[in-house]
Amino acid sequence: MFFVPLVLLLFCLGRSGALENGLARTPTMGWLHWQRFMCNIDCSSDPHNCISEHLFMQMADVMVAEGWKEAGYEFVCIDDCWLDSSRDSKGRLQPHPTRFPSGIRKLADYVHSKGLKLGIYQDVGNKTCAGFPGSFGHYEQDAETFAEWGVDLLKFDGCGFGTLDLLAEGYKTMSIALNKTGRSIVYSCEWPLYEMESQKPNYTEIRKYCNHWRNSGDISDSWDSVKSILDWSAGHQDMIVEAAGPGGWNDPDMLVIGNFGLSWDQQITHMSLWAIMAAPLLMSNDLRMIDPRSKALLQNKDVIAINQDPMGVQGRRLFKMDNFELWERPLTNASFAVAIFNRLEIGGPRAFKLPLYLIGDGTECQKGCVVTQILPYRLDFGLQGSNHALEIKVNPTSTVLLKVTVHRELYLKLTFVHERKHKHGNDIL
């Protein structure tokens, strides 16, 4: 992991089968309505929270005013329940006339005027998950409609499909149709999620058509839900991790930080491990009334930098022992993100001894690594040797997130040696 230029070259070559739309070079960041607002279409009794153009305009305003855009969250995404109950006389999709009276084009213009981007939802089958008109039989027409409206992201669900062959064909067809429009539209698929129970998904193929893809079930505002997604992701990491990289990402679903179901420590784990997994960071919460501490966590620049690392390698769980988990993600500039997750839900803080020889291939920190704790609060451990074991205390259900960087002098020396070997051959040494 010392020789970043070679790693990046090999990584890019290994990902040559990615969807070639130039988008999602780092994981997508933004806000999505579903988990918090669901299919609330009762604007008569709950106008403040129903699925309407007003809700998305408000979120766009807040994202600019409260630092979300500056932190990197750029998409305002509509999920299910925006549609009218039927297509128009020309077979085109249409938004609900009273909840979106200005139309999606005007909403997109408003979002764009804020320097943000608009996402929208549809389904590969006949119906969306909430029973509104799906895209089956209308893929090209719907892609053209979204492009005309100025949409920047499509979340394409899979509730209404027939056979698995139709499911796969639908996802491919919509991908091709979106690219043909000439508009840059990030394509978020749920293709492997719906295949998983019947067959092993072909991630090489999925990556050719999608910018990110859902693998596991919907997240809910609960610790059990977050744990189940982490367990699924770690349990299937040998199948999914290699598929991830610039242009295409595994999507473990939304961030539910700032809602009701997670303690502070559990929110730290949620944010830390979504960063380690190179997950799209699509918040689903009420940004108009979010707790200041949750806001600070979601806007933490050091955590976001880990998530957005340009090398784009998804992290892995290294091991699980004594109710601790150790996760690691290689980063650019000879660095690693390391997460220590305490699975216990009883007792007080527990100590985890972290020998630095566990990092990378075991040799990176032989001459010293600089260790910085990012979460739950920033703490500089300074230069540490590989034989030294850091004692890290972790609260129940919480995670300590570290950044470990190879000592700069050693890194430069090793990079110089590598470049000479690459230029002149191994016989120079």
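Could you tell me whether the range 175-184 includes any residue that is in contact with a Cys (Cβ under 9 Å, 6 or more places away or on another chain) and modelled with pLDDT of 95 or more? Looking through the range 175-184, at least one residue is in contact with a Cys (Cβ under 9 Å, 6 or more places away or on another chain) and modelled with pLDDT of 95 or more. The set of residues in the range 118-127 that are buried (at least 23 other Cβ atoms within 10 Å of the Cβ) and either small (G, A, S) or in a helix (DSSP H, G or I) (or both) contains only G119. Of the residues making up the range 291-303, those that are under 12 Å from W68 (Cα atoms) and touching a helix residue (DSSP H, G or I) at 6+ places or on another chain (Cβ under 9 Å) are K295, L297, L298, Q299, N300, K301.
Of the residues making up the range 157-187, those that are of a type in the set (S, T, Y) and open to solvent by 10 Å² or more (accessible area, probe 1.4 Å) are T163, T173, T181, S184. When the range 239-257 is limited to residues that are open to solvent by 10 Å² or more (accessible area, probe 1.4 Å) and within 16 Å of L23 (Cβ to Cβ), the one that is nearest to the chain's Cα centre (by Cα) turns out to be D251.
Conditions tested, residue by residue: (1) under 25 Å from E20 (Cα atoms); (2) open to solvent by 10 Å² or more (accessible area, probe 1.4 Å); (3) acidic (D, E); (4) in contact with a helix residue (DSSP H, G or I) (Cβ under 6 Å, 6 or more places away or on another chain).
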site	(1), (2), (3), (4)
D84	no, yes, yes, no
L93	no, no, no, yes
L116	yes, no, no, yes
C129	no, yes, no, no
F136	yes, yes, no, no
Q141	yes, yes, no, no
K155	yes, yes, no, no
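In the set (1) touching a helix residue (DSSP H, G or I) at 6+ places or on another chain (Cβ under 8 Å); (2) hydroxyl-bearing (S, T, Y); (3) over 30 Å from E345 (Cβ atoms); (4) crowded, with 20+ Cβ neighbours inside 10 Å, the condition left unmet by S233 is number (3). Just to verify a result, which residue in the range 40-82, among those that are surrounded by fewer than 21 Cβ atoms within 10 Å (Cβ to Cβ) and hydroxyl-bearing (S, T, Y), is nearest to E148 (Cα to Cα)? Among them, the one singled out is S44. Of all residues in the range 324-337, one or more are more than 30 Å from R36 (Cβ to Cβ), open to solvent by 10 Å² or more (accessible area, probe 1.4 Å), modelled with pLDDT under 95 and over 18 Å from the mean Cα position of the chain (by Cα). Residues of the range 338-371 that are in contact (Cβ under 8 Å) with a residue 40 or more places away in the chain and under 27 Å from the mean Cα position of the chain (by Cα): V338, A339, I340, F341, N342, R343, L344, E345, L358, I359, G360, D361. Residues of the range 355-373 include at least one that is in a strand (DSSP E or B) and either modelled with pLDDT under 85 or farther than 23 Å from D309 by Cβ (or both). All conditions but one from (1) touching a helix residue (DSSP H, G or I) at 6+ places or on another chain (Cβ under 9 Å); (2) on the phi > 0 side of the Ramachandran plot; (3) open to solvent by 60 Å² or more (accessible area, probe 1.4 Å) apply to L318; the one that does not is (2).
The values are calculated or read from the model by the stated rules, or taken from the named source; none is laboratory data. Predicted, not measured: the structure shown is a model, and the values here were computed from it. We place every Cβ from the backbone using ideal geometry, glycine too, and count neighbours over all the protein chains shown. Calculation scope for accessible area: heavy atoms of the full protein, side chains included, ligands and nucleic acids excluded. Shrake-Rupley method; radii C 1.70, N 1.55, O 1.52, S 1.80 Å.
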